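Shown next, in structure tokens, is the structure this report addresses.
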Amino acid sequence: MAEKHFKYVILGGGVAAGYAAREFEKQGVNPGELAIISKEAVAPYERPALSKGYLFPESPARLPGFHVCVGSGGERLLPEWYKEKGIELFLSTEIVKVDLASKSLTSKSGSTFIYGTLIIATGSTVIRLSDFGVQGADAKNIFYLRDVDDADKLYEAIKAKENGKVVIVGGGYIGLELGAVTKLNNLDVTMVYPEPWCMPRLFTAGIAEFYEGYYANKGIQIIKGTVAVGFDSNANGEVTAVKLRGGGVLDADIVVVGVGGRPLTTLFKGQVEEEKGGIKTDAFFKTSVPDVYAVGDVATFPLKLYGEQRRVEHVDHARKSAEQAVKAIKASEEGKTVEEYDYLPYFYSRAFDLSWQFYGDNVGDTVLFGDNNPESPKAKFGTYWIKEGKLVGAFLEGGTPEENSAIAKVARAQPSVHNVDELAKEGLAFISKF
């Protein structure tokens, strides 16, 4: 097959790819210079919709409604947009071999793509229970959620198993969001996770207590301190039960697994420097290989605010790192420089009528403030993280846009905290000083 040559190639078709394409267009790119190569069959879209609006029982979100860049209030980039701008979209195209030395990518069908500059935006893949050899984990109606195809299959199962029993395996982001949305679909929901509380990578016990209580009040059963060790299925190969460590068994018509993800870096092994499970980059997302950049989930980058290399799996960083890389690429071509990436970690979630935001670093001592009673009609509470006498992180449930903006400012400013007890009493009033 003939080689295809492009000045710029974005490998991956997720959120980062879409935001990078928009930035290239903004900075100036000629028709035919830029290509996006994606394994998915659709143009880049806002992935967070899949565990929220996509599965709503009423008026679910559907493409083209949530193509990038609507998630950040920007223009929706439909497939036609790429065509109009002369950006080539190679969809349903899986790259199976990458040779960074010769600047070539080879697809499953045998096509070769030659690039001048490469942006690696391959994202993550889900961790599957079959990776650990869990018995029966290949049964039908055991679902994972990463792309639109996954969401379509899960949606069909939810409709087919009306009033059925769902077991959510995992108590992290995906587990909590899918626990909520399956309950909204009138299913009987049980969540199972090994940790002592939900979202342990971010939540303190005090924060988790509220969400677990709220979910319990919604009729969701939570079983902590155990894991799924096997699955039973019927003659049609459909899952019927989840076997737990310790001997417990849960009936199940649907199982949804959310036990984490891993960055897709296998194609680049041995060709580029890695660190902390990702591809090591500088503050402009340049890798150790000339003309190769890495953004989003796969990049381990200098987090300037805390003076360390980190890998961040979140849509906000995927968007911003993609834009930074493109700005840096275009600036270097013109002999200019751009500001170093100065990222403030940001996480958020929405489930039921709840909405929380977190900014900064969740290290050090914690101070819980506000009303975190799950029985409250409109609970509003938060937590500050204090390290070496400075406030370094802030979490808020039920905040207004202004309050959320204020906790972001305070997390970046890292003000001194002299009296932790006073801080607990002040709560949100503390941030009004900044």
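The values are calculated or read from the model by the stated rules, or taken from the named source; none is laboratory data. If you're wondering where the values come from, they're calculated on a predicted model, not measured in any experiment. Heads up, the Cβs are rebuilt from the backbone with ideal geometry, glycines too, and the neighbour counts pull from every protein chain shown. Calculation scope for accessible area: heavy atoms of the full protein, side chains included, ligands and nucleic acids excluded. Shrake-Rupley method; radii C 1.70, N 1.55, O 1.52, S 1.80 Å.
There is at least one residue in segment 281-296 that is modelled with pLDDT of 95 or more, open to solvent by 50 Å² or more (accessible area, probe 1.4 Å) and touching a helix residue (DSSP H, G or I) at 6+ places or on another chain (Cβ under 6 Å).
Looking across segment 241-291, the residues that are more than 30 Å from ALA331 (Cα to Cα) and under 26 Å from the mean Cα position of the chain (by Cα) come down to ILE254, VAL255, VAL256, VAL257, GLY258, VAL259, GLY260, GLY261, ARG262. Consider segment 377-394 and keep the residues that are out of contact with any Leu (no Cβ under 6 Å at 6 or more places or on another chain), modelled with pLDDT of 95 or more and within 22 Å of ALA216 (Cα to Cα). The one that is surrounded by the most Cβ atoms within 10 Å (Cβ to Cβ) is PHE381. The residues on offer are GLU162, GLU238, GLU195, and the sole one that is open to solvent by 10 Å² or more (accessible area, probe 1.4 Å) and under 23 Å from the mean Cα position of the chain (by Cα) is GLU195. Listed by first and then second residue, the pairs with beta-carbon distance under 8 Å, at least 6 apart or on different chains, first residue in segment 333-350 and over 30 Å from LYS7 (Cβ atoms), second open to solvent by less than 70 Å² (accessible area, probe 1.4 Å) and assigned to a loop (DSSP other than H, G, I, E, B), are PRO345/VAL312; PRO345/HIS314; PRO345/ASP361; TYR346/HIS314; PHE347/LEU202; PHE347/HIS314; ARG350/LYS52. When GLY175 is tested against (1) within 28 Å of GLY219 (Cα to Cα); (2) free of Cβ contacts under 8 Å to residues at least 60 places away in the same chain; (3) of a type in the set (Gly, Ala, Ser); (4) in a helix (DSSP H, G or I), only condition (2) is not met.
Restricting attention to segment 249-294, which residues are assigned to a helix (DSSP H, G or I) and in contact with a strand residue (DSSP E or B) (Cβ under 7 Å, 6 or more places away or on another chain)? Those that are assigned to a helix (DSSP H, G or I) and in contact with a strand residue (DSSP E or B) (Cβ under 7 Å, 6 or more places away or on another chain): LEU267, PHE268.
What tally of residues in segment 250-276 results from selecting those that are under 26 Å from SER51 (Cα atoms) and open to solvent by 50 Å² or more (accessible area, probe 1.4 Å)? Total satisfying the criteria: 5.
All of LEU118, LEU129 fail the test of being over 19 Å from the mean Cα position of the chain (by Cα) and under 30 Å from PHE24 (Cα atoms), apart from LEU118. Residues in segment 82-103 that are open to solvent by 20 Å² or more (accessible area, probe 1.4 Å) and in contact with a Lys or Arg (Cβ under 9 Å, 6 or more places away or on another chain) were compared, and the one that is nearest to VAL289 (Cα to Cα) is VAL96.
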